[in-house]
Amino acid sequence: MKNFLFVFSVLVLLTSVSLTGCGSGIRFGGVVQFDDGTPIEGALVSFIDTKRQYDGLTDAQGQYTLCGATPKDGIPPGEYRVAVSKNSNENEKSTFPEKYASIETSGLTCEVKEKGNSAFNITIIRSEKK
């Protein structure tokens with residue numbers, strides 16, 4: 001009987017943590033565009049800290065919202081390194097600079113605060129024209 005109560009208590013605790021844990025994050029996003037103001041559709045925006053990665057995909061207006069394990073999850077407050085990548089199909093020449101695809105080379109960082117957040121808009125600078 002004691003084992004049953006212990007197992008039951010653990011299950012109740014795990015269920016309550018899983019229902020409240022990730023969903024309590026902050027809804028956060030912004031716009032990704034080229035330096036000429038053109039929105040970038042289909043770009044993957046990744047916010048990465050020491051524990052996790054939160055991703056969002058841009059729509060036709062370049063807007064993204066970050067998600068955790070499910071689309072309803074938000075992002076916890078903290079410091080993040082940011083990467084933006086975009087796959088181009090074989091028929092189009094990619095104009096998206098590769099340097100943004102890695103947190104090591106993008107140069108992008110963002111602090112997500114518990115209150116008073118504004119959107120984190122990202123401007124992608126294309127390679128200099130020759």
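The values are calculated or read from the model by the stated rules, or taken from the named source; none is laboratory data. The model shown is predicted, which means the values in this text are computed figures rather than measured ones. No Cβ is skipped: glycine too gets one built from the backbone with ideal geometry, and neighbour counts run over all protein chains shown.
Could you tell me how many of the residues in segment 38-77 are under 21 Å from R126 (Cα atoms) and at pLDDT below 90?
0
Among the listed residues S85, S102, which satisfies the condition of being at pLDDT 90 or above, surrounded by fewer than 16 Cβ atoms within 10 Å (Cβ to Cβ) and in contact with a helix residue (DSSP H, G or I) (Cβ under 7 Å, 6 or more places away or on another chain)?
Numbers: S102 fails: in contact with a helix residue (DSSP H, G or I) (Cβ under 7 Å, 6 or more places away or on another chain).
Within the list S85, S102, the selection yields S85.
Give me the residue from segment 105-123 that is of a type outside the set (D, E, K, R), free of Cβ contacts under 8 Å to residues at least 60 places away in the same chain and not in a loop (DSSP other than H, G, I, E, B) and, out of that set, surrounded by the most Cβ atoms within 10 Å (Cβ to Cβ). If you could, list the steps in order and put the result at the bottom.
Of all residues in segment 105-123, those of a type outside the set (D, E, K, R) come to 105-110, 112, 116-123.
If we keep only those that are free of Cβ contacts under 8 Å to residues at least 60 places away in the same chain as well, we get 105-109, 116, 118.
Those left that are additionally not in a loop (DSSP other than H, G, I, E, B): 108-109.
Numbers: L108: 19, T109: 12.
Only one residue fits best here, namely L108.
Collect the residues in segment 38-58 that are more than 8 Å from the chain's Cα centre (by Cα) and among the charged types (D, E, K, R), keeping them in residue-number order.
E41, D49, K51, R52 - these are the residues of segment 38-58 that are more than 8 Å from the chain's Cα centre (by Cα) and among the charged types (D, E, K, R).
Filter segment 23-66 down to the residues that are among the charged types (D, E, K, R) and either closer than 18 Å to S118 by Cα or touching a strand residue (DSSP E or B) at 6+ places or on another chain (Cβ under 7 Å) (or both) and list them by number. Please lay out each step first, then the result.
First pass over segment 23-66, keeping only residues among the charged types (D, E, K, R): 27, 35-36, 41, 49, 51-52, 55, 59.
Residues satisfying the conditions are R27, D35, D49, D55.
Within the set of pairs 6 or more residues apart or between chains, which connect a residue that is over 16 Å from L44 (Cβ atoms) inside segment 69-93 to a residue that is charged (D, E, K, R) and at pLDDT 70 or above with Cβ atoms less than 7 Å apart?
Taking only residues 6 or more apart or on different chains, the pairs are G74/R27; P77/K113; P77/E114; G78/D49; E79/D49; E79/E111.
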